[in-house]
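*Asks:* Have a look at this one.
The values are calculated or read from the model by the stated rules, or taken from the named source; none is laboratory data. Bear in mind that the values here come from a model prediction, so they are computed numbers and not experimental data. Please note: Cβ atoms are built from the backbone with ideal geometry, for glycine as well, and neighbour counts cover all protein chains shown. Only protein heavy atoms, including side chains, enter the accessible area calculation; ligands, DNA and RNA are left aside. Shrake-Rupley method; radii C 1.70, N 1.55, O 1.52, S 1.80 Å.
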Amino acid sequence: MSIKFGTSGWRGIIADDFTFANSKAVTRAICRYLQTTNFKDAPVIIGYDTRFLGERFAALAAREIAAEGLRPLLCDSFTPTPTVAHAIRSRQAAGGIIFTASHNPPEYNGMKFSTSDGAPAPPEVTKAIENFLASEKNDKKTADTADEASDDKIEKFDPRSAYLKELESKIRFDVIASAQGSYGYDPLWGTGRGYLDEILRRHGLTVETLHDCRDPLFGGSGPDPTGKNRLDELREAVVNNKYSLGLATDGDADRFGIVDADGTLISANRIIALLFDYLAESRGWTDGAARSVATSHLIDRIAKERGLPVYETPVGFKYIGEYIIRDKIILGGEESAGLSIKDHVPEKDGILACLLAAEAVAARGASIGEQLESLYKRVGRLETDRTDVRLDADKKTKISEKLKLDAKKIGGRRVEEINRLDGVKLIFGGDAWLLLRLSGTEPLVRIYAEAETKKEVKSLLSDGRKYLLE
């Protein structure tokens, strides 16, 4: 099969295309790439989430790395993606391989490669890895040698303490503790348990952890904190126990979900905008914000009010991470619930995002909903939503061709501007827009819309779907 890296690495169905043989081939290709860099003598971090056979895949990758003459550092347990990113930076590693399919359904697993700066590998790097894969796919000798590699060449380590210490320098836990709040936390059977809940408890806070065990089936669905009905149990716990907030992370803890004190699930778009505003206010930072092309322009309105720049990127946190590395932004975020901040890892961090939300509530003495209402009074309200269309081969070909065309009107609305940064973003009057984009990780076309009312958003999504499928 042809292995291709998408927006967040390579993903596949376990025992179908995501096999031991293919994961070993990808590991070898990554090693060949690293051997061409200036970091070939540095260690390589290997992490994994709670998916089926994750520890086995990681152990085999460590053996491959050792067989290739590089030094593997293997996480000693299930580890969040942002924790691996921190370990890469703190241990001056050549890079890191993370076995995770993030929020995908349980039948999936994946491999994500991060470079020496802790950021997701950019397209030029993943392309180089794909080229090594193509040229080395029949390298049977290397595969056999790796199986015989001595385990004493593999060093195991615990990355948790160093990462939690890093969070201590980013979050004002004294502010959170002073409010004496209590929290519900749902790690969705993933890697965030023992991290987010543990650090809050260390500061004397009450936390109820739901689904506090490993389940490779994630309760029978994808561990997505933004998925429909996925956080119903957390919402119930928050309301029944009068918690200050409900916090959630996905399978590898790089995405977040926030439930307000009244049980309302707050969209990632609103949390990203609110935290951008809060950090500018509380830290006195005067940098800008980076957002993906699919993320709400509510950030733009806040930035305009504060006289700060906004940088628009393609979908994929690797593009936002570049602005963090260059120290250009206060915060970078994606509508798919990815966020990081100034002076932190250039990778999505759902644990950090949850803690910042808790800090904002404590510092401002107001719920998330109350803070948003105050924000809308300053900059106005925007509504955003998304729908997906699942594709077969014929539909994908047809829609790919449709996206090459320049639409003049959609549902009677005149298109004022076309943005092809990633997919096709059709911009209308009155801060309304529609984005049509093929997914980089699943057989889907994603349709995003934003406008000032929910009614207009619903209409835009319907018209966008009709336009693609007619």
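*Asks:* Go over the candidates A101, A93 one by one and state the one that is of a type in the set (G, A, S), under 23 Å from K4 (Cβ atoms), open to solvent by less than 10 Å² (accessible area, probe 1.4 Å) and assigned to a loop (DSSP other than H, G, I, E, B).
*Replies:* Result of the check over A101, A93: A101.
*Asks:* Select from the stretch 157-191 the residues that are open to solvent by less than 70 Å² (accessible area, probe 1.4 Å) and among the polar types (S, T, N, Q) and list them in ascending order.
*Replies:* S182, T191
*Asks:* Okay, next question. Considering (1) part of a helix (DSSP H, G or I); (2) touching an Asp or Glu at 6+ places or on another chain (Cβ under 7 Å); (3) within 25 Å of F113 (Cβ to Cβ), say which one I324 fails and leave the rest.
*Replies:* (2)
*Asks:* Could you list, in sequence order, all residues of the stretch 29-43 that are among the basic types (K, R) and more than 17 Å from K112 (Cα to Cα)?
*Replies:* If the condition is that a residue be among the basic types (K, R) and more than 17 Å from K112 (Cα to Cα), then K40 is the only one that fits.
*Asks:* Still on this structure, please answer the following. Would you confirm whether any residue within the stretch 64-72 is open to solvent by 10 Å² or more (accessible area, probe 1.4 Å), assigned to a strand (DSSP E or B) and over 17 Å from P120 (Cβ atoms)?
*Replies:* Checking the stretch 64-72: at least one residue is open to solvent by 10 Å² or more (accessible area, probe 1.4 Å), assigned to a strand (DSSP E or B) and over 17 Å from P120 (Cβ atoms).
*Asks:* On to the next question. Only one of (1) touching a residue at least 40 places away in the same chain (Cβ under 8 Å); (2) touching an Asp or Glu at 6+ places or on another chain (Cβ under 6 Å); (3) outside any strand (DSSP E or B) fails for F57. Which number is that?
*Replies:* Failing condition for F57: (2).
*Asks:* When residues of the stretch 300-321 are filtered for being under 20 Å from D117 (Cα atoms) and assigned to a loop (DSSP other than H, G, I, E, B), how many remain?
*Replies:* Total satisfying the criteria: 3.
*Asks:* Condition first: assigned to a helix (DSSP H, G or I) and crowded, with 20+ Cβ neighbours inside 10 Å. Now tell me which residues in the stretch 444-460 satisfy that.
*Replies:* Within the stretch 444-460, V457, L460 meet the criteria.
*Asks:* Pairs only if they're at least six apart or on different chains, beta carbon under 9 angstrom, first in the stretch 451-464 and within 15 Å of V389 (Cα to Cα), second assigned to a loop (DSSP other than H, G, I, E, B); list them, first residue then second.
*Replies:* That search, which allows pairs on different chains as well, returns L460/G411; L460/F428; L460/A432; S462/G411; D463/G411; D463/G412; G464/G411.
*Asks:* For the stretch 104-118, which positions are in a loop (DSSP other than H, G, I, E, B) and either at pLDDT below 95 or open to solvent by 10 Å² or more (accessible area, probe 1.4 Å) (or both)? Steps first, answer last, please.
*Replies:* Step one: list which residues in the stretch 104-118 are in a loop (DSSP other than H, G, I, E, B), which gives 104-107, 116-118.
Hits for the stretch 104-118 are N104, P105, P106, E107, S116, D117.
*Asks:* Let me ask you something else. Could you list, in sequence order, all residues of the stretch 179-202 that are of a type in the set (D, E, K, R) and either outside any helix (DSSP H, G or I) or within 21 Å of the chain's Cα centre (by Cα) (or both)?
*Replies:* D186, R193, D197
*Asks:* Restricting the search to the stretch 335-369, which residues are acidic (D, E) and either surrounded by 21 or more Cβ atoms within 10 Å (Cβ to Cβ) or closer than 16 Å to N269 by Cα (or both)?
*Replies:* Answer for the stretch 335-369, where residues must be acidic (D, E) and either surrounded by 21 or more Cβ atoms within 10 Å (Cβ to Cβ) or closer than 16 Å to N269 by Cα (or both): E335, E347, D349, E359.
*Asks:* Which of (1) over 21 Å from I30 (Cβ atoms); (2) modelled with pLDDT of 95 or more is the odd one out, the single condition D152 does not satisfy?
*Replies:* Among (1) over 21 Å from I30 (Cβ atoms); (2) modelled with pLDDT of 95 or more, the lone unmet condition for D152 is (2).
*Asks:* Of (1) in a strand (DSSP E or B); (2) at pLDDT below 95; (3) open to solvent by less than 10 Å² (accessible area, probe 1.4 Å), L435 satisfies all except one. Which?
*Replies:* The one condition L435 does not meet is (2).
*Asks:* From the set of residues in the stretch 408-432 that are more than 29 Å from the chain's Cα centre (by Cα) and in a strand (DSSP E or B), which is nearest to V315 (Cα to Cα)? Please lay out each step first, then the result.
*Replies:* As a first pass, look at the stretch 408-432 and keep what is more than 29 Å from the chain's Cα centre (by Cα): 408-416, 429-430.
After this cut, where a residue has to be in a strand (DSSP E or B) as well, the list is 409-410, 413-414.
Details: K409: 25, I410: 23, R413: 25, R414: 25 Å.
Filtering first and then ranking leaves I410.
*Asks:* Being touching a residue at least 60 places away in the same chain (Cβ under 8 Å), open to solvent by less than 30 Å² (accessible area, probe 1.4 Å) and within 26 Å of D250 (Cα to Cα), is that true of even one residue in the stretch 13-20? Please lay out each step first, then the result.
*Replies:* Step one: of the stretch 13-20, the residues touching a residue at least 60 places away in the same chain (Cβ under 8 Å) are 13-14, 18.
Narrowing further to those that are open to solvent by less than 30 Å² (accessible area, probe 1.4 Å): 18.
Narrowing further to those that are within 26 Å of D250 (Cα to Cα): 18.
Within the stretch 13-20, one or more residues are touching a residue at least 60 places away in the same chain (Cβ under 8 Å), open to solvent by less than 30 Å² (accessible area, probe 1.4 Å) and within 26 Å of D250 (Cα to Cα).
*Asks:* Here is a follow-up. In the list I171, I176, which residue meets the criterion of being in a helix (DSSP H, G or I), in contact with a Leu (Cβ under 9 Å, 6 or more places away or on another chain), at pLDDT 95 or above and of a type in the set (A, V, I, L, M, F, W, C)?
*Replies:* Every option except I176 fails the conditions.
*Asks:* Sticking with this one: Restricted to the stretch 235-292, and to residues that are open to solvent by 10 Å² or more (accessible area, probe 1.4 Å) and of a type in the set (V, I, T), which residue is nearest to the chain's Cα centre (by Cα)?
*Replies:* Looking at residues that are open to solvent by 10 Å² or more (accessible area, probe 1.4 Å) and of a type in the set (V, I, T), I get I266.
*Asks:* Could you tell me which residue of the stretch 383-402 is farthest from H297 (Cα to Cα), considering only residues that are modelled with pLDDT under 90 and either open to solvent by less than 30 Å² (accessible area, probe 1.4 Å) or touching a strand residue (DSSP E or B) at 6+ places or on another chain (Cβ under 9 Å) (or both)?
*Replies:* K395
*Asks:* Right, something else. For the stretch 403-432, which positions are more than 27 Å from I3 (Cα to Cα), aliphatic (A, V, I, L, M) and surrounded by 14 or more Cβ atoms within 10 Å (Cβ to Cβ)?
*Replies:* Residues satisfying the conditions are A407, I410, V415, L426, I427, A432.
*Asks:* May I pose another question? The conditions are (1) open to solvent by 20 Å² or more (accessible area, probe 1.4 Å); (2) assigned to a helix (DSSP H, G or I); (3) over 25 Å from G194 (Cα atoms), and F39 fails exactly one of them. Which is it?
*Replies:* (2)
*Asks:* Within the stretch 305-334, work out how many residues are among the small types (G, A, S), open to solvent by 30 Å² or more (accessible area, probe 1.4 Å) and touching a residue at least 24 places away in the same chain (Cβ under 8 Å).
*Replies:* Residues that pass the stated criteria total 0.
*Asks:* Do the conditions hold for D197, that is, is it open to solvent by 10 Å² or more (accessible area, probe 1.4 Å) and either touching a residue at least 24 places away in the same chain (Cβ under 8 Å) or not basic (K, R) (or both)?
*Replies:* No; evaluated as a whole, the condition is false for this residue.
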